[in-house]
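Here the structure comes first, spelled out in structure tokens, and everything after it is commentary.
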Amino acid sequence: MELVIIGGGVVGLACAMVASESGIETILIEKHNNFGIETSSRNSEVIHSGIYYPENTLKAKLCVEANRNLYDWCEKYNIPHRRTGKFIIAIDDSELPELLKLYEQAKVNGVEGIELVDESIIKGEEPNIKAIAALWSPNTGIIDSHSLMNSYFQLAKEKGALFAFNHQVIGIKRYKSSYLLEVKDIGGNIFEIESKYIINSAGLNSDEIASLAGIDIKEAGYVLYYCKGSYFRLKPSKKGIVRHLIYPVPPANMTSLGIHVTLDLMGYVKFGPDVEYLNNRIKDYKVDEQAKEKFFLSVSRYLNNIEPDDLLPDQAGIRAKLQGPGMPYRDFIIKEESQRGLPGFINLIGIDSPGLTCSLEIAKLAVNYIN
């Protein structure tokens, strides 16, 4: 085999498609029984525009281009989506400096169409929102993430990519000029696959895969922290309370973008995600109903005409973050590991938001290491 991709989330699927379209013999190995079971299907499904990320980071550079390209992809392959637009709001004077910083960051990053708007514009568009100013991002939107993943999957299969679901990589060792991957199937049988290249796109377990290959993940700065984000939905009778995505000014450390208001493609309203770092990396997807008060208090600061009983538990997702609580901002890791004695081993680690938006651009970068 020429290329093994480990992980069948949105980025792994995009890698399989890009690689197979380039004529690279490819197999994707995924431990679950289907693609996109974890982070890729448990998120806000937002098409980001590149506002938040520090200049010259991969997140900033990839997201601005990805925003444009993803809308083109959706049109070409009939992926359900909507260019809703987004307001990032300052509720009072104390939040104006941070809003202005975001505006400058967006301009530096080359975000298209970004505007600073006043209270009258906000009230005209969103009468239920309390804010004195906002950034208007016309090119933020929402997407059906499953349909996007399925488009990558089908195109990869058409170009000859193979998919091994219910298979888990349990060992990796260098062998001559290739790699031997030890793989366990659902029946517990263990066998080996030889491959010249590996793309590690294992999401929540991508640091463990790097460790299997012999990388000291603490020394490399590859250790992941599980950051759970829960969502509550607004009861259907409140549909139409907002028409656009509404985001508060995010916290300074960028651990998240704050509990925000999103829409699904049917126009129903969701709140979230919050931030809860998980101990012992347990994949806990339960939504704590006791968190309803916290969500209500957070959102009712800027959204009128809702009551606590209007909120219903929805879903939770887990983000694979390179920054733990109180740690400084971290960028995507997209790295070919020749310097660590692993030529042709390509790590994709810490692919949190805006990873869904940037999936095609990340895949192109990763596959570009394969010559």
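Restricting to the range 306-348, name every residue that is within 18 Å of K59 (Cβ to Cβ), among the charged types (D, E, K, R) and touching a Gly at 6+ places or on another chain (Cβ under 8 Å).
Scanning the range 306-348 gives R319, K321, R330, D331.
Is it the case, given these coordinates, that A213 is over 20 Å from R319 (Cα atoms), of a type in the set (G, A, S) and buried (at least 21 other Cβ atoms within 10 Å of the Cβ)?
yes
Please go through the range 293-305 and give me each residue that is buried (at least 19 other Cβ atoms within 10 Å of the Cβ) and either touching a residue at least 60 places away in the same chain (Cβ under 8 Å) or assigned to a strand (DSSP E or B) (or both), ordered by number.
Passing the criteria: F295, Y302, L303.
Only one residue in E75, E25, E21, E38 is crowded, with 18+ Cβ neighbours inside 10 Å, modelled with pLDDT of 95 or more and acidic (D, E), so which one is that?
Of the residues listed, the single one that is crowded, with 18+ Cβ neighbours inside 10 Å, modelled with pLDDT of 95 or more and acidic (D, E) is E38.
Could you list, in sequence order, the residues of the range 41-88 that are of a type in the set (S, T, N, Q) and under 17 Å from I362 (Cβ atoms)?
Across the range 41-88, the qualifying residues are N43, S49, N56, T57, N67, N69.
Which residue, of T140, T57, is closer than 23 Å to D352 by Cα, of a type in the set (S, T, Y), in contact with a strand residue (DSSP E or B) (Cβ under 6 Å, 6 or more places away or on another chain) and at pLDDT 95 or above?
So the residue among T140, T57 that is closer than 23 Å to D352 by Cα, of a type in the set (S, T, Y), in contact with a strand residue (DSSP E or B) (Cβ under 6 Å, 6 or more places away or on another chain) and at pLDDT 95 or above is T140.
Kindly state which strands (runs of 3 or more DSSP E) lie completely within the range 1-100 and contain at least 1 residues that are among the aromatic types (F, W, Y).
So the answer is 86-90.
If we keep just the residues of the range 184-202 that are surrounded by 21 or more Cβ atoms within 10 Å (Cβ to Cβ) and not small (G, A, S), which is nearest to the chain's Cα centre (by Cα)?
N200
Testing K157 on (1) surrounded by fewer than 20 Cβ atoms within 10 Å (Cβ to Cβ); (2) within 26 Å of the chain's Cα centre (by Cα); (3) part of a loop (DSSP other than H, G, I, E, B), one condition comes back false. Which one is that?
(3)
The values are calculated or read from the model by the stated rules, or taken from the named source; none is laboratory data. None of the values given here were measured: they were computed from a predicted structure. Here Cβ is always computed from backbone atoms with ideal geometry, including for glycine, and neighbour counts include all displayed protein chains.
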